[in-house]
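J.: This is the structure I want to talk about, given as structure tokens.
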Amino acid sequence: MLNLSNQRVDEDLFANYPLKTLRALPQSDGGRRLGRWMLAFLGLGILVMFLPWQQNINGEGTITALTPQDRPQTVQNAIAGRIERWAVTDGDYVKRGDTLLVISDIKDDYFDPNLPQRLGEQLTAKQGSLHATETKIRALDGQIVALQTGLKVKLEAARNKVRQSEYKVSADEADLLAIRKNYQIALDRLDRFEKGYKNGLFSLTDLEARRLKVQEDNAKVISQENKLNVSRQELVNARLDLGTIQADFQEKLAKAQSDRSSAVSYLAEAGGEISKIRNKISSVDVRRGLYVVRAPQNGYVVRPSKAGIGETIKEGEPIATLQPANPQLAVELFVRAMDVPLIQRGRVVRLQFDGWPAIQFSGWPTVSVGTFGGRVAVIDAVSSVGGKYRLLVRPIQEQGDQPWPTQLRVGSGVYGWVMLDDVPVWYELWRQLNGFPPSLKEEPKVDEKGAKK
């Protein structure tokens, strides 16, 4: 063990040996200075703890277009065909209506080069048949009118004949009644003459004359009855003729109306077939116009998905990607589900684009360098892949803020911070250590233009 003494050596050395070097050395006060510095840093740290810190929600995303029409789109062909010629290459700038691709048809229904002419001939023939049917309908209408007129005339004639037969029957009945009366008178006279002959008042000649008269009157009665029966039979025949005429004309009229209905039905079918042919002619014209695939809007051709000549493509198959020119840029950021309730439309966002160096102090955005401003425009109502929610951020130009770079391309990476409320630094450290979400004191106010502050 060491034998340590409480006696200081330096006093003896200074007393016996005059060491000038030791006397020239300054007295050490480093401990005091270190203590002062630590106290200064502690005070500065405590001061920093009470400085305002702006809470934020960070997220990553890419550059996109604000409106769907400005986003990259796939150009598709409307019909199946075979590639005949490419009119563009990768990266070409095209205007709306410029030719991108020329194809030819692969369906055998459209192989005929004179198909429109053939369809035109079919249309002409069907129109001729339609006109003939219309003429037939007009003729049948005239025939029906004639039948109706003839029916009226013949029915009137038949009714007149019936009335004449009825009059004749009435006359014959009256004549029969008169002849029967005469016959009865003749019988009465014959009876008186027979009595008078027995009594000798009349001669046998007078009696035989009366008997002959009775026979003549009886013959007249029989003849008149026969005549009456003939008249009645004529009346029955006239009535039968009346019904027969009406039935015959009804049959002819029904046949004419049936022929007219058939003609009208064929006319409707012919009209439908003409419409089909016209529709097919229009479809053929439109289809032949689709042999040339054109640009739907101004933009740049990116990555044609089909290559070569003679390759067949299906209906509705993508053939190239078109990036619209001069899109209205926006940023889509993806944030956690726990942070979405704290974000409202109109919140300010600070953005750092890939390729643009920046120094970001998320809690003190005023001292950040190289970042760009934005404002939340859209918050998706459903989550995306991975359970995160997408935000669409449109550009803004706050006072003293620089506009977004013109060299930005759709699809570039972005890192962003959605700025929330101010809290002390100590509160933010406490929140981060405990893993709590940011706090929200109040909803952002809406100005007169509808933007949230």
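J.: Can you spot the aspartates and glutamates whose alpha carbon is less than 16 Å from K198's alpha carbon? Ignore those fewer than 8 places along the same chain.
T.: D188, D206, E208
J.: Additional query: Please compare each pair in K126/K154; K168/K255; K95/K388; K168/K213; K154/K181 to a cut-off of 32 Å on the Cα-Cα distance and tell me which ones are over it.
T.: Violating the 32 Å limit, Cα to Cα: K126/K154; K168/K255; K95/K388; K154/K181.
J.: Relative to the longest principal Cα axis of the chain, at what angle does helix 425-434 sit, 0 to 90 degrees, rounded to 10?
T.: 70 degrees
J.: Estimate the FRET efficiency between S223 and K252 by the formula 1/(1 + (r/R0)^6), using the beta-carbon distance for r and 41 Å for R0, to the nearest 0.05.
T.: The value I calculate is 0.45.
J.: Give me the distance in nm between label points sitting 7 Å out from Cα along the Cα-to-Cβ direction at S261 and A209, one decimal.
T.: Modelled inter-label distance: 7.8 nm.
J.: Over the chain, what is the relative contact order in percent, taking alpha-carbon pairs closer than 8 angstrom and at least six residues apart?
T.: With pairs under 8 Å counted, the relative contact order is 31 percent.
J.: Just to check I understand the Karplus step: with θ = phi - 60° and J = 6.51 cos²θ - 1.76 cosθ + 1.60, what whole-Hz values come out for the range 370-386, glycine and proline as x?
T.: x, 9, 10, x, x, 9, 5, 9, 9, 10, 4, 7, 10, 7, 9, 4, x
J.: What does the charge count around E311 come to, taking other residues whose C-beta lies under 15 Å from its C-beta (Lys +1, Arg +1, Asp -1, Glu -1)?
T.: Around E311, the charge tally is 0.
J.: Another question, if that's okay. Among residues other than Q233 whose Cβ falls under 12 Å from its Cβ, what is the net charge (Lys/Arg +1, Asp/Glu -1)?
T.: Charge balance near Q233 sits at +2.
J.: Let me check against my output: what whole-number percent is the relative contact order of the range 115-289, with C-alpha pairs under 8 Å and at least 6 apart?
T.: 48 percent
J.: On full extension of the chain, what length is gained from A171 through E134, given 0.36 nm per residue of separation minus the C-alpha to C-alpha distance?
T.: Once the chain is fully extended between A171 and E134, it gains 7.8 nm.
J.: Suppose a student asked you for the relative contact order of the range 287-338, using Cα pairs under 8 Å spaced at least 6 residues apart; what percent would you report?
T.: Relative contact order here is 38 percent.
J.: What is the local net charge at L177, summed over the other residues whose Cβ is closer than 14 Å to its Cβ (Lys, Arg +1; Asp, Glu -1)?
T.: After counting each charged neighbour, the total is -1.
J.: Which parts of the range 78-119 would a label at I309 reach, counting a residue when its backbone N lies under 20 Å from a point 7 Å out along Cα-to-Cβ?
T.: 81-90, 99-106
J.: Another question, then. What's the angle, to the nearest 10 degrees (0 to 90), between helix 115-198's Cα axis and the longest principal axis of the chain?
T.: 30 degrees
J.: Still on this structure, I have one more. Given H placed 1.01 Å from N in the peptide plane, which residues other than close sequence neighbours of V75 have an amide H under 5 Å from its amide H?
T.: I319, A320, T321, L322
J.: A further question follows. Between R96 and R345, what length in nm is gained on full extension when 0.36 nm per residue of separation is reduced by their alpha carbon distance?
T.: Between R96 and R345, full extension yields an extra 86.2 nm.
J.: Compute the label zone of Y197 within the range 211-231: residues whose backbone N is under 17 Å from the point 7 Å along Cα-to-Cβ.
T.: 211-218
J.: Provide the per-residue ³J(HN,Hα) series for the range 408-413, in order, calculated from phi with Karplus coefficients 6.51, -1.76, 1.60 and θ = phi - 60°, each as a whole number of Hz, with x at glycine and proline positions.
T.: 5, 10, 5, x, 5, x
J.: If you work out Cα extents along the principal axes in Å from the coordinates, which of (1) 68, 54, 40; (2) 102, 48, 37; (3) 235, 60, 54 do you get?
T.: Here the calculated entry is (3).
We did not get these values from a lab; they are worked out from the coordinates using the rules stated. Nothing here was measured: the structure is a model prediction, and the numbers come from that model. Please note: Cβ atoms are built from the backbone with ideal geometry, for glycine as well, and neighbour counts cover all protein chains shown.
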